[in-house]
1. Calculate, in nm to one decimal, what residue 105 and residue 148 gain on full extension: separation in residues at 0.36 nm each, minus their alpha carbon distance.
2. What is the extension gain from residue 124 to residue 139, computed as 0.36 nm multiplied by their sequence separation minus the C-alpha to C-alpha distance, in nm to one decimal?
3. Which of rounded, prolate, oblate describes region 326-368, given a ≥ b ≥ c as roots of the alpha-carbon gyration tensor eigenvalues and a/c under 1.5 marking rounded, otherwise prolate only if a/b is larger than b/c?
4. Going by how many other Cβ atoms sit within 10 Å of their own, how do 214, 186 line up, fewest first?
5. Please give, to one decimal in nm, the separation of the simple spin-label points placed at residue 285 and residue 233, each 7 Å out from Cα toward the Cβ.
6. Give me 124, 291 ranked fewest to most by other Cβ atoms within 10 Å of their Cβ, as a rough exposure proxy.
7. If contacts are Cα pairs under 8 angstrom and at least 6 residues apart, what is the relative contact order of region 242-322 in percent?
8. If I model a spin label at residue 376 and residue 178 as a point 7 Å from the Cα along the Cα→Cβ vector, what separation in nanometres do I get?
Amino acid sequence: MNGAAADMATGSSTGPLTPARAPVLAYPAALLAFTAIPMPVATGGSIVAGSSLLAAALLLIIPALGIPRPPALRLVLVGAVTIAAFLLILANLSPVEGKASLGYWLLLASAGVMAVQMMRGLAHRAGSGSLRARLISLSVPVVFGLWLLILWECIVRGAGVPTVLLPPPSDIAVRFASSLDILWADFRQTFLKAVIAGYVMGCGSGFLVALLVDRVPFLRRGLLPVGNMVSALPIIGIAPIMVMWFGFDWPSKAAVVVVMTFFPMLVNTVSGLSAAGGMERDLMRTYAATHAQSLVKLRLPAALPFIFNALKINSTLALIGAIVAEFFGTPIVGMGFRISTEVGRMNIGMVWAEITVAAIAGSLFYGIVAMIERAFTFWHPSYRH
């Protein structure tokens, strides 16, 4: 007992939930015990409160008795209590919607504290070594995202926030499921046509011009300042001009994407081509390497991190540019067209469904580029462990 008390006093720890940090769980467990009564279903509240107190007791008493406690047990206990608490809240949202009492908010706060502890435990065991560590690494953002969605649902419905201001995720999911055909048509028009075409043309032309700028010195002094100026132009000024030049269909949106993605690729590639060290360049000259050989074997590999950095930046800029460009003229299809139209009709659920599609598409696009980057730049110090 004295050893456990000394450990709690000194704050020594071997993980996110050690005996010294166990009171962090005991506090929300006590809150659950007191706030279970105001919930509409007393039986469910009693179950959660009892399981919370049991988990807190296990975390506090077992080390005091000198019984070894596996680190995984702490995570399992906290995870079980957290899931039970959130299930209790979600199951009883309808009776308290718009009129949640103090007990509801205390229960939600205590469940949130335990969710943070659970994610800390998962993050502590994440890594890139074994398959189990990699799976845990993938689960951390998933758990964090689900936690944010649940908090969003509970806060919006508990406070009675009007759906015009901020709809709960459940309403957005219903609208998403009932509008799959419209969302797919908008996604195909905006992303598969405008974004992909503009991204490939903008990044490809920026890369080729960067090779030319690197070869011709006066272009570096003349073109790069102009490129910085053009990259600072607002989209709302470029989009109407491109619509007048290329029409209302997707080519005008692809042209906006080209303008937005060209100069980030140009600037990053030019900087990357200068990243090779002087000793390596002197060595290539010693071997009588031509400019093309030095470029392919030395300078381009050294520039890959800069090039992929531009590709990742442009993966998000391209989608934003295409959506904003559709505000200024487009056929009756497209993500930007749908957002601007449904906002005027106060159909906020459909607007958030389109935002969800854009977020998913942009995240997947960025993730694919990041995976390709890891495959080509595995030698970079940022990937060494």
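1. Working: separation 43, 0.36 × 43 = 15.48 nm, distance 1.56 nm.
The span from residue 105 to residue 148 would gain 13.9 nm if fully extended.
2. Taking residue 124 through residue 139 to full extension adds about 4.2 nm, to one decimal.
3. Numbers: a/c = 3.62, a/b = 1.59, b/c = 2.27.
Cα axes put region 326-368 in the oblate bin.
4. On the way: 214 19, 186 24.
By the 10 Å Cβ count, ascending, the order reads 214, 186.
5. If labels sit at residue 285 and residue 233, their model points lie 4.0 nm apart.
6. Values: 124 16, 291 11.
Least to most surrounded, the residues fall as 291, 124.
7. 46 percent
8. It is 4.5 nm.
The numbers here are math on the coordinates, done by the rules we state, and not lab data. Keep in mind that what you see is a predicted model, and the values were worked out from it rather than measured. Using ideal geometry, Cβ is built from the backbone for each residue, glycine included, and neighbour counts are taken over all protein chains shown.
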